[in-house]
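Below are the C-alpha cells for one structure; questions will follow.
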Amino acid sequence: SSSDSVVTLLDYGAGNVRSVRNAIKHLGFEIKDVQTPQDILNASRLIFPGVGAFAPAMDVLNNTGMAEALCAYIEKDHPFLGICLGLQLLFESSEENGPVKGLGLIPGTVGRFDSSKGFRVPHIGWNALQVTKDSEILDDVGNRHVYFVHSYRAMPSEHNKEWVSSTCNYGDKFIASIRRGNVHAVQFHPEKSGDVGLSVLRRFLNPKSNKTKKPGEGKASKLAQRVIACLDVRTNDNGDLVVTKGDQYDVRENTNEKEVRNLGKPVELAGQYYIDGADEVSFLNITGFRDFPLGDLPMLQVLRHASEKVFVPLTVGGGIRDFTDSTGRYYSSLEVASEYFRSGADKISIGSDAVYAAEEYLRTGVKTGKTSLEQISRVYGNQAVVVSIDPRRVYVKDPKDVQFKTVRVSSAGPNGEEFAWYQCTVNGGREGRPIGAYELAKAVEELGAGEILLNCIDCDGQGKGFDTDLVKLISDAVSIPVIASSGAGSVEHFSQVFTKTSASAALAAGIFHRKEVPIRSVKEHLLKEGIEVRI
Ligand code: 1PR
C-alpha cells in the first residue's frame with residue numbers, strides 16, 4: 001500500500017488504544033505498529049496515544065530507546081499527533097506520582113487539577129476549546145464540544161506560548177492542544193469525540209484535504225452535562241446475549257414463560273444510540289456476578305464490535321472481581337478489567353466488589369492496595385474506574401434509629417416516615433449489605449474511584465423520575481463526577497436531576513430501549529432549559 005495511506009502508531013501497551021486504531025481504520029488508513037525506535041525514525045506520520053499514568057509511560061519509552069527516537073523525530077518537524085498523555089509527555093516533567101521527567105521538548109510542568117476550586121476531578125466529559133493559533137487540525141472544531149478524561153493538565157506560560165494552539169477552561173485555563181509546524185498534540189480524545197473528533201484525525205491524516213474552515217455549528221462554552229445510554233446485557237434462556245431491562249432489577253417478563261425481557265442486540269443498539277447523540281454508552285453485564293466474564297466471550301465480542309463504530313466513550317461493568325474458574329485457574333480482577341480494556345472499553349465499572357472493598361476499608365481504616373478498585377485505578381488511572389452503586393431506599397422514622405447517613409425525603413414513606421437511608425446491595429440487588437450509599441461513595445472515592453454510577457433499585461424501570469434526594473446526597477458528598485441513574489421516563493426528568501442536584505451526567509435505559517423518547521429530544525429539551533449539552 002502506498003505510504004500515503006499508512007500511519008505509524010506508537011502503542012507501548014499500557015492500555016486501550018484500540019479505539020484509536022478503530023478511528024484510523026474508520027478513516028480508511030492502515031496502521032504500522034512501532035516495534036523498534038528505528039520504526040519511529042522511518043515513519044512518514046506518527047500518532048502517539050498516551051494511556052495510563054505518566055511515570056510508567058516514561059519508563060517504557062526510556063527503557064526501549066523510544067524516548068530518544070521520539071525527540072529526534074519531533075525535532076525534525078515530521079508529522080506527529082500526540083493524544084492525551086501523548087501531549088503531557090512532551091513537557092519537561094509531571095507531578096503525577098512525581099516529579100517525573102518527561103521528554104522535555106516543551107517548557108512547563110504537568111500538574112493536577114485542584115478540586116478545591118469546586119471543579120470535580122477527574123475532568124471527565126465534553127468541553128469547549130478556545131483556539132488561540134491557526135492549528136489546521138482544529139479547523140472543524142469551531143464551537144463544538146470535544147471529550148476530555150484526565151486529572152492532570154499542562155498550563156500555558158511565557159515559556160511555552162509559541163506551542164499553544166488551544167486552551168480549555170475548567171477551573172484553570174489549561175493547554176488543550178499544541179502545534180508547531182507539523183507537530184501536533186491534543187489533551188482531549190479525538191477518537192472519542194464523535195464526528196468532531198474524527199474531523200481532527202482526518203485533517204491530521206489528510207493535510208491536503210479541503211482547507212475550507214467549517215466552524216462547528218454548536219454553542220459550546222463549558223463542560224456539558226452528559227446523557228448516557230445504558231444497555232443491561234445478559235444471556236437469555238437459550239444462550240443468546242440480549243439487551244434486557246429490569247423492573248426494579250427483575251428482568252423477567254410477567255408472562256407464564258417468565259422469559260428474560262429481550263429489547264434488542266447489544267452492538268446494534270449501541271451503534272444506534274451513538275448516532276442518536278449519546279455522550280457515552282455503558283454495557284452492564286448483569287449476570288457477571290455469577291458467570292465468569294472472560295468465560296462468556298460474547299461480552300468481549302460485543303465490545304470489540306461496538307468499539308469499531310461507536311466513537312464516544314464505552315464503559316463496561318459486571319463481574320469485575322477476582323475469579324477462580326471451574327478448572328481452578330485464578331484470574332485477578334485486574335486481568336478481567338485488562339481484557340475488557342483490550343477489547344475496547346474506555347472505562348470499567350465495579351459493583352459488588354466495591355461494596356466489599358468499602359466495608360473492609362471502613363472496618364480497618366487501612367488501604368491495602370489489594371482491592372480490585374485500587375489495583376485497576378493504579379494501573380489505568382482513576383479516570384478509567386467507575387463504581388456502580390445499587391442502593392435501595394430504607395425509610396426510617398428517626399435518623400437516630402440507624403448509624404448510616406439519612407436524608408429528609410421529598411415524599412414520605414408508607415407509614416409517614418420523613419427520613420430514609422439508602423442500603424447498598426450486591427449481586428444485582430439480591431443481597432442487602434450493612435453499608436449506606438453515602439458511606440460507600442466516600443469510601444470508594446478514597447480508594448481510587450474516578451466516577452460514581454448511582455442507580456436506585458426503587459426507581460429502576462419505573463419511569464417516574466430519578467431519586468433526586470439520593471442523587472443530591474451523593475453528589476454533594478464526593479468531589480468526583482456522579483452519574484444519576486434509574487427512573488428516567490420523560491425529558492423533564494433529565495432537566496430536574498440536573499437542576500436539583502450537581503450530577504455530572506444522567507444515565508437511562510428503558511426510556512431509550514422502549515423508543516419512548518429519542519436522545520436528541522432529551523438534549524433539545526436540556527438546551528431549552530439553559531443546560532449545557534453537546535449537540
Ligand atoms: O456487581 O460488579 O458484577 O456489577 C453488576 C452491574 O450490573 C452493576 O452495575 C449493577 O448495577 C448492574 N445490574 C445487576 N443486576 C441488574 C439488574 O437489573 N438485574 N442493572 C443490574 C442495574 C442499572 C442500569 C439501569 C438504570 C436505568 N440497572 O443498568 O439502566 O437503572 O434504568 P431505567 O432508565 O430503565 O430506569 P457487579
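The values are calculated or read from the model by the stated rules, or taken from the named source; none is laboratory data. Because the structure is predicted, anything quoted here is derived from the model rather than measured. Because the Cβ atoms are built from the backbone with ideal geometry, glycine has one as well, and the counts that use them run over all protein chains shown.
Might you check whether a residue that is surrounded by 19 or more Cβ atoms within 10 Å (Cβ to Cβ), touching a Ser or Thr at 6+ places or on another chain (Cβ under 7 Å) and over 17 Å from I350 (Cβ atoms) occurs anywhere in the range 410-420?
In the first step, residues of the range 410-420 are kept if they are surrounded by 19 or more Cβ atoms within 10 Å (Cβ to Cβ); the result is 419-420.
Then keep just the ones that are touching a Ser or Thr at 6+ places or on another chain (Cβ under 7 Å); that gives 419-420.
From what is left, the residues that are over 17 Å from I350 (Cβ atoms) are 419-420.
Scanning the range 410-420, I find at least one residue that is surrounded by 19 or more Cβ atoms within 10 Å (Cβ to Cβ), touching a Ser or Thr at 6+ places or on another chain (Cβ under 7 Å) and over 17 Å from I350 (Cβ atoms), so the answer is yes.
What are the residues in the range 489-510 that are closer than 19 Å to V407 by Cα and without any contact (Cβ under 8 Å) to a residue 60 or more places away in the chain, if any?
Across the range 489-510, the qualifying residues are Q496, V497, T499, K500, T501, S502.
Evaluate the following for I24: is it among the β-branched types (V, I, T) and within 21 Å of the chain's Cα centre (by Cα)?
Yes.
Let me ask another. I'm trying to understand the selection: among the residues of the range 463-478, which are within 12 Å of the ligand (Cβ to nearest atom) and without any contact (Cβ under 8 Å) to a residue 40 or more places away in the chain?
K464, G465
State whether the residues of the range 451-461 include one that is more than 21 Å from the chain's Cα centre (by Cα), closer than 18 Å to C230 by Cα, hydrophobic (A, V, I, L, M, F, W, C) and within 11 Å of the ligand (Cβ to nearest atom). Write out each step before concluding.
Step one: of the range 451-461, the residues more than 21 Å from the chain's Cα centre (by Cα) are 457-461.
From what's left, closer than 18 Å to C230 by Cα: 457-461.
Add one more test, that the residue is hydrophobic (A, V, I, L, M, F, W, C), and what stays is 457, 459.
Of the ones still in play, those that are also within 11 Å of the ligand (Cβ to nearest atom) are 457, 459.
For the range 451-461, residues more than 21 Å from the chain's Cα centre (by Cα), closer than 18 Å to C230 by Cα, hydrophobic (A, V, I, L, M, F, W, C) and within 11 Å of the ligand (Cβ to nearest atom): present.
Report, ordered by the first and then the second residue, all pairs with beta carbons closer than 8 Å, sequence separation of six or more or different chains, a first member in the range 248-260 that is more than 8 Å from the ligand (Cβ to nearest atom), and a second member that is of a type in the set (A, V, I, L, M).
Pairs that qualify, where the first residue is more than 8 Å from the ligand (Cβ to nearest atom) and the partner is of a type in the set (A, V, I, L, M), are Q248/I457; R252/V260; E253/V260; V260/V242; V260/V251.
Can you name every residue in the range 25-52 that is in contact with a Gly (Cβ under 6 Å, 6 or more places away or on another chain) and surrounded by fewer than 22 Cβ atoms within 10 Å (Cβ to Cβ)?
P37, G52
Return the pairs, sorted by first residue and then second, in which the second residue is assigned to a loop (DSSP other than H, G, I, E, B) and within 13 Å of the ligand (Cβ to nearest atom), the first residue lies in the range 440-462 and is at positive phi, the beta carbons are less than 6 Å apart, and the residues are 6+ apart or on different chains.
Between residues of the range 440-462 that are at positive phi and residues that are assigned to a loop (DSSP other than H, G, I, E, B) and within 13 Å of the ligand (Cβ to nearest atom), the close pairs are G461/G246.
Hey, another quick one. Would you check which residues across the range 336-358 are in a helix (DSSP H, G or I), away from the ligand (no atom under 12 Å from the Cβ) and of a type in the set (S, T, N, Q) and list them? Spell out how you get there, then give the answer.
Narrowing the range 336-358 to residues in a helix (DSSP H, G or I): 336-342, 352-358.
Checking which are away from the ligand (no atom under 12 Å from the Cβ) leaves us with 338-339, 341-342, 358.
Answer for the range 336-358, where residues must be in a helix (DSSP H, G or I), away from the ligand (no atom under 12 Å from the Cβ) and of a type in the set (S, T, N, Q): just S338.
Scanning for something without any contact (Cβ under 8 Å) to a residue 40 or more places away in the chain, more than 25 Å from the chain's Cα centre (by Cα) and within 14 Å of the ligand (Cβ to nearest atom), does the range 390-400 turn up at least one residue?
Taking every residue of the range 390-400 in turn, none turns out to be without any contact (Cβ under 8 Å) to a residue 40 or more places away in the chain, more than 25 Å from the chain's Cα centre (by Cα) and within 14 Å of the ligand (Cβ to nearest atom).
Please determine, by comparing only the residues of the range 361-377 that are within 16 Å of the ligand (Cβ to nearest atom) and assigned to a helix (DSSP H, G or I), which one is surrounded by the fewest Cβ atoms within 10 Å (Cβ to Cβ).
Q375
Please state which one of V267, V312, V302, V316 is closer than 30 Å to I124 by Cα, out of contact with any strand residue (DSSP E or B) (no Cβ under 9 Å at 6 or more places or on another chain) and either surrounded by 15 or more Cβ atoms within 10 Å (Cβ to Cβ) or at pLDDT below 85 (or both).
V267
Residue by residue through the range 122-141, note down the ones that are part of a loop (DSSP other than H, G, I, E, B) and buried (at least 19 other Cβ atoms within 10 Å of the Cβ). Before you say what the answer is, go through the steps one by one.
Going through the range 122-141, the residues part of a loop (DSSP other than H, G, I, E, B) turn out to be 122, 129, 132-141.
Once the filter is applied, which keeps residues that are part of a loop (DSSP other than H, G, I, E, B) and buried (at least 19 other Cβ atoms within 10 Å of the Cβ), the range 122-141 yields P122, L129, S135, I137, L138, D139, D140, V141.
Among the β-branched types (V, I, T), within 30 Å of S151 (Cβ to Cβ) and more than 16 Å from the ligand (Cβ to nearest atom) - does that describe any residue in the range 401-413?
yes
Follow-up question, since we're still on this one. Are any residues in the range 1-49 of a type in the set (A, V, I, L, M), in contact (Cβ under 8 Å) with a residue 40 or more places away in the chain and assigned to a helix (DSSP H, G or I), and if so, which ones?
V20, A23, I24
Of (1) surrounded by fewer than 23 Cβ atoms within 10 Å (Cβ to Cβ); (2) of a type in the set (D, E, K, R); (3) more than 30 Å from G52 (Cα to Cα), E445 satisfies all except one. Which?
E445 satisfies every listed condition except (3).
Before we move on, is Y249 in contact with a Leu (Cβ under 9 Å, 6 or more places away or on another chain), aromatic (F, W, Y) and surrounded by 14 or more Cβ atoms within 10 Å (Cβ to Cβ)?
Numbers: in contact with a Leu (Cβ under 9 Å, 6 or more places away or on another chain): no; aromatic (F, W, Y): yes; surrounded by 14 or more Cβ atoms within 10 Å (Cβ to Cβ): yes.
It is false that Y249 is in contact with a Leu (Cβ under 9 Å, 6 or more places away or on another chain), aromatic (F, W, Y) and surrounded by 14 or more Cβ atoms within 10 Å (Cβ to Cβ).
When you go through (1) within 15 Å of the ligand (Cβ to nearest atom); (2) of a type outside the set (A, V, I, L, M); (3) crowded, with 19+ Cβ neighbours inside 10 Å; (4) under 16 Å from A357 (Cα atoms) one by one for R433, which number turns out not to apply?
(3)
On the basis of being near the ligand (Cβ under 10 Å from one of its atoms), more than 17 Å from the chain's Cα centre (by Cα) and either under 14 Å from S19 (Cα atoms) or not in a helix (DSSP H, G or I) (or both), does G328 make the cut?
It is false that G328 is near the ligand (Cβ under 10 Å from one of its atoms), more than 17 Å from the chain's Cα centre (by Cα) and either under 14 Å from S19 (Cα atoms) or not in a helix (DSSP H, G or I) (or both).
Among the numbered criteria (1) within 30 Å of G448 (Cα to Cα); (2) in a helix (DSSP H, G or I); (3) in contact with a Leu (Cβ under 8 Å, 6 or more places away or on another chain), which one does G52 miss?
(2)
Of all strands (runs of 3 or more DSSP E) completely enclosed by the range 152-264, which ones contain at least 2 residues that are at pLDDT below 95?
Counting at least 2 such residues, we get 226-235, 241-244.
Quick one: would you say K528 is closer than 28 Å to N382 by Cβ, charged (D, E, K, R), modelled with pLDDT of 95 or more and away from the ligand (no atom under 16 Å from the Cβ)?
For K528, the condition - closer than 28 Å to N382 by Cβ, charged (D, E, K, R), modelled with pLDDT of 95 or more and away from the ligand (no atom under 16 Å from the Cβ) - is not met.
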